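Below: one structure, written as structure tokens.
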Amino acid sequence: MTEVDGHRVAEVIVTMAGGVERRGSGYLIRQGLVLTATHVIAAARSIRVRFDADHIPGEWSASGEVVWSAGDLAVLAITPAGDPVPIARFGGIGDRAASLHVRAVGFPWFKLRTESDHASYRDTHQADGTLATLSNRREGTLEVTVSPPAADPDPRRSPWDGMSGAALFSGDRIIGVLAEHHRSEGLGRLSAVRFDERTLTELASLLGVHPAAPDVLRSPHERTRHARLLTLSNTIAPDQLLDRTEELAELAAFCASDELCLWWQAEPWAGKSALLSWFVLHPPPGVEVVSFFVTRRLPGQSDSDAYLSAILPQLLPGSDEPDRFQALASAYESAAARAAEVGQRLVLVVDGLDEDTGSDLSRPSIASLLPRRVPPNLRIILTSRTGLSIPVDVRTDHPLRTYQLRRLSPSPHAVDLEREATNELVRVLRGPDRPVIGLLAASGGGLSKDDLAELTGRSRFDLAEQLAGVLGRSVRLTEAGYVFSHDALRATAEEQLGAEVAQRRRELRAWAETYQQRHWPEGTPDYLLRAYPHLLAAVGDLDGLLWCADDNERQDRLRAWTGADQLALSELFLAHRLNTMQPLPDLTVAMRLAVRRADLAAQYAGMPACLPSVLELLGEPTLAEALAYSVTDSRPRALVELAQVVADSDLARAWSLVRHVRDNAERIAAMAWLSDRAGDHRQASALAKTVDDYDVRVSICAHLAAAAEGAGDYARADEYTEQMDLYPVSRNSVVLARAQAAAGRGDRRRAESLYRSIRGYRPVWPHDFRSMSEDELLAEYSGGSVTCKQELAVAFAAKGNYRHAEECCRWEEYCRGPKGHHAEAYAVVAKHAALAGEREQARRFVAESRRIMASADRSAPLDRIGPIELILLAVAAGQLDRARSVVSSTSDPEVRIIRRCALAHALARQHELTAATAVLQNVAPTLLSWTDSSDSLINRRTAYEEAFPAALLTGDVELARRTFLAVYPDHYSRVQPILVAFASAGDLATLRSMIHGLPTATDRAAALLDLAQSLRPRHPTAAAELAREVFALLSGSRRDYDLYLVLEAATCTPRDAHAMVEYVRSVASAARFAELTFSVAQALATARDYPAAEATLASRSEDEHLTEIYAQLALAAVHNRDLEQAQVYRDRAVALLGQVPWDERRLYAYRIISEVTDKLGESSAADACASSIRAPFGQALVYLHLADKGAAGHVRRRLAEALWIDLPLDAIKRAVDLEPGALNALLSP
């Protein structure tokens, strides 16, 4: 939704008795309905409503009659109804002081114009002003301050006459209607009628929408806080806090003091959570609280993931940093500064540090995420049980280790409650209700009365009486089901029950199996579908989790239950995470889970990006989010479009959605859009400048410029246009968007002026569908592209002709084209219908779009594996027959030669040298007879790539030499791993002889350098020898590339690095040497001359490449075993990461930083670095890089992570090498 649409601004002309006319204004709030003021149409004999009046193209008019009125608000039904339009959105205004920017467009008397033929007309006036919310409280109206008219020709008549009835907008929401001008208040103040709860409800009923009109004064931050406090009140806080006056006073005094942290410790049942939850709900004046309550009683509330998910939106609702851990430190700073600006103290409350369950290696502790450097305006309140040990991942210099502990005296009321609840529990455990307690303890909470009745064989009524009576203190009913009222009671029950807990869990499994045997029918208990997998994960039952996650029928039931696959994906992730937490993760299990995930994701490969947003418009937000989150690849548009629709009613939720967009450019662009939408234009502009994807940046600049143009903020629109000045074609796109915005608000003259300012080639002005007949539409778009046909379908829908719109979607070109395009056409029309309020039509088109999605062919994970890779995998897995069948499955002789070479390569890799030699001898004559002038050169080079390693490994040196020369340098990266493996075995002489057969010294040096750099980590002596050979080959050369190779060689031989640097300095020009600064610094660091390396970088202190070079210096220091220096450089690189604008370069920096971190012995931090990368491909790449080395458990865990992310081929190969049975998990259906 945009703000005021000029095409919907109405001139209301009322004819009264005697033919006297009165004029006013109005606004088309939906097709056929116009909002105006009651006094405008009072005593009317006839009402005429005009749009785009007086010679504006598309002018039309209609007759009107009153269908609703309340006070000075009225709605007219007009005939004809006109084209469908999006339903206008309304908002309320809270009763507190604020100043709002508002806008209204109408037809005041002072805009009366007279033409040369003496005809007169009123032009539109856009009145931009401010609204003081507490003015006119007695009258009950809104006071709007605007720029006064330049003249007041008739004191007996207000110059604002005719403006009455104009809709008053705040952002994109109508908050009132202009109604009156009091002359005594001057020409710059107007009064407007405001909406109350009753009028908003009645208007919503008239429009056929839900009566939800948000308070336009509530910020996204306030909305987030309101939702959090509501949850806290319903789940943790007591109804009344008794006898804690002194402690509350101490908390208030601490908030105003200079002390940084108040850490209370106490035994269970001391009342810690009750006290702090009450404090959070009722903070002292001048205190803003952000909080997190760690508890195992509620799902997903007891680890660092939950902490980040809860705290970041409170601290910084618009955070766009992909690395949440990295964002947290700056979020503490920003939130504290924001609170200080409004005279408040920010207080962070974390209750229950001892309940943290995220102690496994894959996740940091909550304690480690507390601020290391506490901002001046931040105070911290913590609670835990007595004797809590600080987690090992909390740094030695963290202030948490220095905070003074205080003992919280137990609340006598909490102690009494503990005694009563514990006694109650013990009594129950001795009686006939013991099985009920056993099931509650075994289940982890969440069973319903119906579930317990089915499990125990008792009646629901009997159970309800017991749960509310004798178990009333021990057990609490929540939305998720029955849970223990305190974690201590759960622990007591488990202790008292002993081995019986395991028996009850076996009963739960047997109960689940009865539903599995019935194919998970409709009516399967919610507990089994939602909570049971979390129990299995909590108790470490990997087999049980796999039983759930690897079940097609269960996934079908989950999809039918929720409308999407979010729960199924969640089960798969729980199983994946549990597998990676094992000492030796099972790679066959990892492969199977990754294949399952890829299968689910394939269902959404053709999902129209707008489909979730359509479902949101149709009042199905849960399904909308489930679909958007079910898309597991990096396509961002589904979440972005959903966020744009959600922003109309809930900006905080829109921010939350956008934070999950994985594509960096699309996420930042969406953040810029939301910032602009929220009125923070400065942040929007700053974010737009950081978008590194060219197309995305053009798109967001065009959107922001158009929004500014539509708002009349021409300076801001010019700013966005200037960002594209270096790219003329893109600048034209931005200017065109501005011209369209100007036309949209009715300023045709400015629109034409902007269009004429386009430099060079002018894009075609988009057609105004409303001014075209259906025959013209068909003539214009028939035979066009897929996109044009979508536009044609939307054009017909805009005219209410959904039959023709559907015919467009069904055109033969769509039916024969990609299913994604076919489904998208229906979804786009559905979105248009939903915006126009045509819900039934929208639902019909959505159903058709989803039907097409379901019928589309899905790509299997195996489809990404070519025949050569499949041969290599099959041989590695011991499936030689499968490999031979792939070889013989082609009739093309050249392709068969390629596959035979691949078979020889695969056999040689598995040390089946005799069999490999036999295959190779069969194809060698053909290979040696080929020449570069032959046809199918690409096919033949592919054969060489496979034949070379086979020949090398089987000892056929001549064939290896011939094929190597045919491959290098175009395809060298494919054979380099084999070269390195061969060199590692000690036969450098053979490789040297092949490399020295290359035609030029530069080629020979480059090949030797690649080999040296690959050997350096494990064979530094051999690498140094090769580096010196590179230097010898290139000595005397002044070519730029040769000098670069010399400096790169210097990084492989610390002893000779200085000499190589001095050589380059002596032969290079000063300008060229300055260009080689980074390579020089790296070479000097290799020579352990760190001061000289840093001095070299001094002239490039502002360079955006510094992150990468510091990461490289850290790696050089690691190779030199100077670990302290490596840590210094690593930390500098991390600090500069935020300045790296391009994803590819940031990925390169992440890869080196993670490698250095791993070599420093911080394996969990290295994994965290990898997991923070948003691009799936990049994340998998870094995990694979880390899996090159390390203990077996680390290698397997990192391979499992890479497989999970995107099933990359290299990860599949290495998994099969380590665990041949993993191939079956990939190939099985």
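The values are calculated or read from the model by the stated rules, or taken from the named source; none is laboratory data. Because the structure is a prediction, the values reported are computed rather than measured. Note that we place each Cβ from the backbone using ideal geometry, even for glycine, and neighbour counts take in every protein chain shown.
Applying the set (1) surrounded by 15 or more Cβ atoms within 10 Å (Cβ to Cβ); (2) touching a residue at least 12 places away in the same chain (Cβ under 8 Å); (3) part of a helix (DSSP H, G or I) to Arg896 leaves exactly one unmet item: (2). Would you confirm whether any residue within the range 47-54 is loosely packed, with under 15 Cβ neighbours inside 10 Å and either aliphatic (A, V, I, L, M) or in contact with a Gly (Cβ under 8 Å, 6 or more places away or on another chain) (or both)? The answer is no; no qualifying residue exists. For the range 1175-1209, taking the residues that are at pLDDT 85 or above and charged (D, E, K, R), the one that is nearest to Thr580 (Cα to Cα) is identified as Arg1197. When Gly162, Gly186 are screened for being of a type in the set (Gly, Ala, Ser), at pLDDT 90 or above and touching a Pro at 6+ places or on another chain (Cβ under 8 Å), only Gly162 passes. Picking from residues in the range 805-836 that are part of a loop (DSSP other than H, G, I, E, B) and at pLDDT 75 or above, the one that is nearest to the chain's Cα centre (by Cα) is Ala836.
If the condition is being part of a helix (DSSP H, G or I) and over 20 Å from Ala1012 (Cα atoms), then the range 1033-1062 contributes Asp1040, Glu1062.
Here's the yes/no breakdown for (1) assigned to a loop (DSSP other than H, G, I, E, B); (2) among the β-branched types (Val, Ile, Thr); (3) within 30 Å of Gln314 (Cβ to Cβ):
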{"site": "Leu642", "(1), (2), (3)": "no, no, yes"}
{"site": "Arg653", "(1), (2), (3)": "no, no, yes"}
{"site": "Val661", "(1), (2), (3)": "yes, yes, yes"}
{"site": "Asp676", "(1), (2), (3)": "no, no, yes"}
{"site": "Ser699", "(1), (2), (3)": "no, no, no"}
{"site": "Ala705", "(1), (2), (3)": "no, no, no"}
{"site": "Ser730", "(1), (2), (3)": "no, no, no"}
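Might you check whether a residue that is touching a Pro at 6+ places or on another chain (Cβ under 9 Å) and under 28 Å from Gly710 (Cβ atoms) occurs anywhere in the range 127-142? Yes, the conditions are met somewhere in the range 127-142. The residues listed here are Ala1023, Ala950, Ala1006; of these, the one that is touching a Lys or Arg at 6+ places or on another chain (Cβ under 6 Å), crowded, with 20+ Cβ neighbours inside 10 Å and modelled with pLDDT of 85 or more is Ala1023.
Restricting attention to the range 866-893, the residues being part of a helix (DSSP H, G or I) and either under 21 Å from Asp1210 (Cα atoms) or in contact with a helix residue (DSSP H, G or I) (Cβ under 8 Å, 6 or more places away or on another chain) (or both) number 16. Across the range 476-492, the number of residues qualifying as at pLDDT below 75, hydrophobic (A, V, I, L, M, F, W, C) and surrounded by fewer than 21 Cβ atoms within 10 Å (Cβ to Cβ) comes to 3.
Listed here are the residues, each with its yes/no results for (1) crowded, with 21+ Cβ neighbours inside 10 Å; (2) over 16 Å from Ser443 (Cα atoms).
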residue: Glu507; (1), (2): no, no
residue: Trp511; (1), (2): no, no
residue: Cys548; (1), (2): yes, no
residue: Gln555; (1), (2): yes, yes
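Regarding the range 694-709, can at least one residue be identified that is within 21 Å of His7 (Cα to Cα) and charged (D, E, K, R)? Yes, there is a match, as at least one residue in the range 694-709 is within 21 Å of His7 (Cα to Cα) and charged (D, E, K, R).
Check Tyr332 against each of (1) at pLDDT below 85; (2) hydroxyl-bearing (Ser, Thr, Tyr); (3) in a helix (DSSP H, G or I) and name the one condition it does not meet. The single condition Tyr332 does not satisfy is (1).
Filtering the range 423-463 to residues that are among the small types (Gly, Ala, Ser) and either within 30 Å of Ala537 (Cβ to Cβ) or in contact with a Ser or Thr (Cβ under 7 Å, 6 or more places away or on another chain) (or both) leaves Gly438, Ala441, Ala442, Ser443, Gly444, Gly445, Gly446, Ser448, Ala453, Gly457.
Taken over the range 899-922, the residue count meeting the criterion of being more than 51 Å from the chain's Cα centre (by Cα) and surrounded by 15 or more Cβ atoms within 10 Å (Cβ to Cβ) is 1.
With the structure loaded, tell me whether Arg839 is basic (Lys, Arg), modelled with pLDDT of 80 or more, in contact with a Gly (Cβ under 9 Å, 6 or more places away or on another chain) and farther than 16 Å from Gly606 by Cβ or whether it fails that test. Yes, satisfied. Going through (1) hydrophobic (A, V, I, L, M, F, W, C); (2) modelled with pLDDT of 90 or more; (3) more than 30 Å from Asp680 (Cβ to Cβ) one by one, Cys255 falls short only on (3).
Among the residues of the range 168-189, the ones that are under 14 Å from Gly106 (Cα atoms) and touching a His at 6+ places or on another chain (Cβ under 8 Å) come to 1 in all. Screening Ala310 with (1) of a type in the set (Gly, Ala, Ser); (2) modelled with pLDDT under 80; (3) part of a helix (DSSP H, G or I) gives one miss only, at (2). Of all residues in the range 868-893, those satisfying the criterion of being touching a residue at least 40 places away in the same chain (Cβ under 8 Å) and of a type outside the set (D, E, K, R) are Ile868, Leu872, Leu873, Ala874, Ala876, Ala877, Gly878, Gln879. Just one of the numbered conditions (1) modelled with pLDDT of 80 or more; (2) more than 26 Å from Leu203 (Cβ to Cβ) is not true of Trp60: (2). Within the range 63-87, the set of residues being outside any loop (DSSP other than H, G, I, E, B) and surrounded by fewer than 20 Cβ atoms within 10 Å (Cβ to Cβ) comprises Ser63, Glu65, Val66, Val67, Trp68, Ser69, Ala70, Ala77, Thr79.
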